[in-house]
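For reference, the structure discussed in these notes is given below.
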């Protein structure tokens, strides 16, 4: 098991010390993703005028939306993968039948030639 | 294009009117996901004692973590799908060669029988 990491990350101009089993590169990536959302939002006048709890909720909703979009992509890809696995199974099955047919024919030819 | 939806959702005990192109079912699902995180956190003493901006950041980090986990699942699945597509391509190629071989043999047999 990997050991616990402590990492200082800067989110919205404040330093947070995160502790967990994720590596520092990952934690910085997550922090930087949140900061880019914050920057994006702060360019909007309507956002800047909101009380801070609404600002946070808006950000949470936005991140959660990214999460649900990625999750639905996962579901779609899993379905695609299942379909491909089925196709591979069928193709392999067809290959085996063809190989058997081919061997049978080759044997028949061999027998005829031996006669 | 679908029309804009207005939906009232309850997040952390407050009502928010969300407006967007997502349907209401989706917006309620996202709100309910955030609420379940909030409930989970509020059971922790250390969380309850945090100032509200730190509470929000913790929640944002947690949701962003879910997002990055799903995103890395997407990347993994896309790689798997690419590998499957390559396998299907190879199997189809092999099938075609076998079919050609089989036809050639069948033609040869036919010719011999005709002689």
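Looking at region B:11-59, what % of the alpha carbon pairs are farther apart than 15 Å?
On the way: 599 of 1176 pairs.
That tail contains 51 percent of the Cα-Cα pairs.
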Partner chain Cβ atoms within 10 Å, averaged over the residues of A:81-93 - can you pull that number for me?
3
Correct semi-axes for the protein assembly as shown, from √(5λ) of the alpha-carbon gyration tensor and rounded to whole Å with the largest first, are 60, 21, 14
Averaged across B:49-60, how many Cβ atoms of other chains sit within 10 Å of each residue's Cβ atom?
5
Go ahead and estimate [θ] at 222 nm for the protein assembly as shown from helices alone: -39,500 (n - 2.57) per DSSP H run with n ≥ 4, summed, over the residue count, rounded to 500.
-27000 deg cm²/dmol
Shielding of A:99-108 by partner chains, average beta-carbon count, 10 Å:
3
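Can you tell me the relative contact order of chain A? Whole percent, Cα pairs under 8 Å, sequence separation 6 or more.
Values: 49 pairs, mean separation 14.7, N = 115.
For chain A, the relative contact order is 13 percent.
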Eigenvalues of the alpha-carbon gyration tensor of region A:45-115, times 5 and square-rooted, give semi-axes in Å, largest first, of 66, 7, 5
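All of the numbers you see were taken from the coordinates with simple rules; none came from a lab. Just so you know, these numbers come straight off a predicted model, no measurement behind them. With ideal geometry, Cβ positions are generated from the backbone for all residues, glycine too; neighbour counts draw on all protein chains shown.
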